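Notes to accompany the following structure.
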Amino acid sequence: MAAAPDDAVDRLYGLPREEFVGERDALAKQLRAAGSRDEAAAVKALPKPTVAAWAANQAVRSQKRAARELWKAGDALSAAQDAVLAGKGSGTKLREASERERAAVETLVDAARGLLGASGGDLSEATIERVRETLHAGAIDSDAREEVAAGRAVRERSPQGLFGADPFAIPAPKRAARSEAAPAKSEPKAKPEVSTPRVRSASTSRPAGTATNVEGRGSTPTWEDPQEAHRAGRQPVGPR
């Protein structure tokens, strides 16, 4: 299958994003009418760039000097990383190369932010971060370099490899495991039991002659010994 004409592709990806689909379809129609059906099909298949990819493309196209600095800084950073992996580099040189590449990326990010603002595009922090990642990938990742440097990225790119992220980033502290949760609250101590005084029952045996009050205080005692009851001037308790 024939490829899309290179000059046509370059022109399409340099257009304002909202004009891409209309211009692409019109070009495909022209090629088909001219008998170039394969080229027309290739043009028709060109994907519309995402917002972040479009912004990165326009920044690289419009800021050629800053873009050249980014590619040089990216090459220097890749070399410093390779030296460290080979045991021949130094942390100082790696840090310097990283700072240079980061500064070059931010110059183009600022340009992309201005281009998005002028076109009424999305200026959210999420979009700006995707632009930053795409430019960083173009700087250090050989797979992304070609399309990002050409200003023809169709989607966001992320740097790959061991040093894809900031080599000096400090990892976030790990969260404590569930097994290390705070100890359970101790149960409140039980109150000591208070013993209740035992009350002697009225039926409890007593020595003969002892008056037993079964009705409570103030009631008349009953006498268990007949002689004692006689001496006390009372009738003995017994069957009548």
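The values are calculated or read from the model by the stated rules, or taken from the named source; none is laboratory data. Everything numeric in this text was worked out from a predicted model, so none of it was measured. Positions of Cβ are generated from backbone atoms using ideal geometry, with glycine treated the same way; all protein chains shown enter the neighbour counts.
Assorted remarks:
- Residues of region 107-137 classified as assigned to a helix (DSSP H, G or I) and either of a type in the set (A, V, I, L, M, F, W, C) or under 25 Å from the mean Cα position of the chain (by Cα) (or both), total: 20
- Flag if Ala83 is modelled with pLDDT under 95 and not charged (D, E, K, R): yes
- Neighbours by Cβ (under 6 Å, 6+ apart or cross-chain): first from region 16-44, in contact (Cβ under 8 Å) with a residue 24 or more places away in the chain; second part of a helix (DSSP H, G or I) and among the aromatic types (Phe, Trp, Tyr): Arg17/Trp54
- Positions within region 78-92 being part of a helix (DSSP H, G or I) and surrounded by fewer than 16 Cβ atoms within 10 Å (Cβ to Cβ), in sequence order: Ala79, Asp82, Ala83, Leu85, Gly91, Thr92
- Note on region 47-59: residues that are assigned to a helix (DSSP H, G or I) and under 13 Å from Asp10 (Cα atoms) total 3.
Here's the yes/no breakdown for (1) at pLDDT below 95; (2) among the small types (Gly, Ala, Ser):
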residue	(1), (2)
Asp10	no, no
Leu15	no, no
Trp54	no, no
Ser62	no, yes
Ala66	no, yes
Asp75	no, no
Ala97	no, yes
Gly117	yes, yes
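- Filter pass, Leu85 being assigned by TED's automatic domain parsing to the domain that holds Glu69 and within 29 Å of Leu12 (Cβ to Cβ): no
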